[in-house]
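Working notes for the structure below.
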Amino acid sequence: MIRAIVCCFFCFVLTGCWGMKEIDHLAYIHVIGIDYEDDQVIAYAQLISFLGLAKVEAGGGREKSTVTIGKATGETFNVATDRLYQAIQQGVSWGHVKGIVFTERALKKGLVRDVIDVLNRYNEIRHTIWAFATKQPIERIFETTPFLDYSPYFSLLVNPTDIYEQSSFIQPKRINELIAASNEKAVTFPLPSLSVEEKSWTENKKKKPMLKIDGVCFLHRYNKQACIPRHKLDGLRWITKGTGRTPIYMKPNGKMIGTLVVHGPKASISYKIKDGHPVFTVEVQATGSIVELRERMSEKQIVEYASKTVEKEIKNLFELGVKEGVDTLQLSNALYRQNVNDWRKYTTNGVVPLTKNTLQRIHVKLSIDTYGKSKK
């Protein structure tokens, strides 16, 4: 009788495991891509193997990175992703998606809202995945893997924060930040743009393509406003909360003489009403460390030059926004946070109409805290 009871007990307990799938029998989607062409939504899926990653973490050697890319089209994003199943040989897991990439065509078509609606309804997708734009083919972005046979698990597509902490120019963004910003009428969202760099690196005497963040596509209420290259966006780092470490190259006479690394700049925006319109003041506070100085300069000269550089970059970013019709400095959001009644009164569709006089003043307060080695 005791043996019968024990057998029945184990049979009852073990039945819950019979339907489990082995983890190596599943296909794990790592990154999603969305494009639009010929009135069709194109969905891409990058699949990677976790086998090599597991071997490295267990102390084994690296294996050559393997990337598989799926592609399907449909009238909507959901239809396109459903068609990915038609020619795959294994069960598919969406629980390990780490990133999503929209082409500029997809942004222009307004697919961001539709895609997010689908993702919101699917319980496996997390809202912490990284979001990017690109003007290059999705396949090219997905095929580009890290050097030294590192797994695509460590690529810029899904691991953008490490390099940003060392050199802060364009801040990586998650999909939950995109959703939160797009649901606010006053916010203009800077979606980082990816491209493939083919000139900087070689591997085994061959050109090694690498991913880089090459600009920003500004969105308002999920809709694309403008995509701007990185070299025009230097001022963005001074008003972005979370900028960690970013350099100022000192070229007072066009000749490179030194580098000042700025740590944790903090920006604040205030406004007043002048001639029936809001005008704004941007204030930036920061500290810096000198990491290179090839010619003698006093501290006063360095601070003056660096402060003028920050001021000029912010002004250029604002003027670019006026030209493109984009609130690059987030002036509308600052107005909304400080006085919602004035925001309602002086904005159109939630955004302050920009003119060259909208930005009245830029004030930069910068100090130097170290002249050599530090742990910053």
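Can you pull the percent of the chain's accessible area that's carbon plus sulfur, 1.4 Å probe, other chains left in place?
Carbon-and-sulfur percentage of accessible area, whole number: 50.
Over segment 316-372, calculate the relative contact order: mean separation of alpha carbon pairs under 8 Å at least 6 apart, over the residue count, as a percent. Walk me through the numbers on the way to the answer.
Values: 31 pairs, mean separation 16.6, N = 57.
After rounding, I find 29 percent.
Where Lys and Arg each count +1 and Asp and Glu each count -1, what net charge lies around Glu104 among other residues with Cβ under 13 Å from its Cβ?
My count for the surroundings of Glu104 gives +2.
Give me the dipole magnitude in Debye, nearest 20, for the chain about the Cα centre, with unit charges on the beta carbon: positive for Lys and Arg, negative for Asp and Glu. Kindly include the intermediate steps, with their values, before the conclusion.
Values: 53 positive and 39 negative charges, 234 e Å.
With Lys and Arg at +1 and Asp and Glu at -1, about 1120 debye.
By per-residue mean of other Cβ atoms within 10 Å, what is the highest-first order of 131-137, 87-93, 303-309?
Highest-to-lowest ranking by the protection proxy: 131-137, 303-309, 87-93.
Amide H of Val352: which non-local residues (sequence gap of 5 or more, or other chain) have their own amide H closer than 5 Å, using H built in the peptide plane?
HN-HN under 5 Å from Val352: Ser332.
What whole number of Å gives the distance from the Cα centroid of segment 68-123 to the Cα centroid of segment 230-298?
First find each Cα centre; the distance between them is then 39 Å.
Apply the Karplus curve 6.51 cos²θ - 1.76 cosθ + 1.60, θ = phi - 60°, to the phi angles in segment 203-211 and return the couplings in whole Hz, x for Gly and Pro.
9, 6, 6, 10, 4, 10, x, 9, 7
What shape does segment 225-376 take by its C-alpha gyration tensor, where a ≥ b ≥ c are the square roots of the eigenvalues and a/c under 1.5 counts as rounded, a/b above b/c as prolate, and the rest as oblate?
prolate
Looking at this model, which pairs from Lys212/Lys300; Lys207/Lys251; Lys241/Lys272; Lys71/Lys232; Lys208/Lys315; Lys255/Lys300 are more than 26 angstrom apart at the alpha-carbon?
Lys212/Lys300; Lys207/Lys251; Lys71/Lys232; Lys208/Lys315
By how many degrees, 0 to 90 and rounded to 10, does the Cα axis of helix 299-324 deviate from the longest principal axis of the chain?
The angle comes out near 70 degrees.
Could you derive backbone 3J(HN,Hα) for segment 69-75 from the dihedral phi with the Karplus parameters 6.51, -1.76 and 1.60 (θ = phi - 60°), listing whole Hz in sequence and x where the residue is Gly or Pro?
Karplus values, whole Hz, x for Gly and Pro: 10, x, 9, 8, 10, x, 5.
Taking amide H positions as placed 1.01 Å from N in the peptide plane, with prolines and chain starts having none, which residues 5 or more places from Val31, or on another chain, fall under 5 Å of its amide H?
Amide H neighbours of Val31, under 5 Å, 5+ apart: Gln46, Lys98.
Please report the antiparallel percentage of the DSSP beta bridges confined to the chain, to the nearest 5.
70
Could you list which residues have their amide H under 5 Å from that of Leu293, counting only those 5 or more apart in sequence or on another chain, with H placed in the peptide plane?
For Leu293, whose amide H was placed from the backbone, the distant partners under 5 Å are Thr259.
For a Förster distance of 41 Å, can you work out the FRET efficiency between the beta-carbons of Asn123 and Leu293, rounded to the nearest 0.05?
Numbers: r = 56 Å, r/R0 = 1.36.
In this case the efficiency is close to 0.15.
From the helices alone, meaning DSSP H stretches of at least four residues, give me the mean residue ellipticity at 222 nm for the chain, per-run term -39500 (n - 2.57), in deg cm²/dmol to the nearest 500.
Rounded to the nearest 500, it is -8000 deg cm²/dmol.
List the equivalent ellipsoid semi-axes of segment 238-305 in whole Å, largest first, each obtained as the square root of 5λ for an eigenvalue λ of the Cα gyration tensor.
Equivalent ellipsoid semi-axes, largest first: 30, 15, 9 Å.
Compute the accessible area per residue over the chain, keeping the other protein chains in place, probe 1.4 Å, unit Å².
Per-residue value: 56 Å².
So how do 341-348, 184-191 stack up, highest first, on mean other-Cβ count within 10 Å?
Per-residue Cβ counts within 10 Å, averaged per peptide and sorted highest first, yield 184-191, 341-348.
Within 11 Å, Cβ to Cβ, of Pro160, how many net charges do the neighbouring residues add up to if Lys/Arg are +1 and Asp/Glu are -1?
Result for the local shell: +2.
The values are calculated or read from the model by the stated rules, or taken from the named source; none is laboratory data. Predicted model, so just to flag it, every value in this text is computed and none were measured. Glycine gets a Cβ as well: all are built from the backbone with ideal geometry, and neighbour counts include every protein chain shown. Accessible surface is based on the protein model in full, side chains and every heavy atom, while ligands, DNA and RNA are left aside. Shrake-Rupley method; radii C 1.70, N 1.55, O 1.52, S 1.80 Å.
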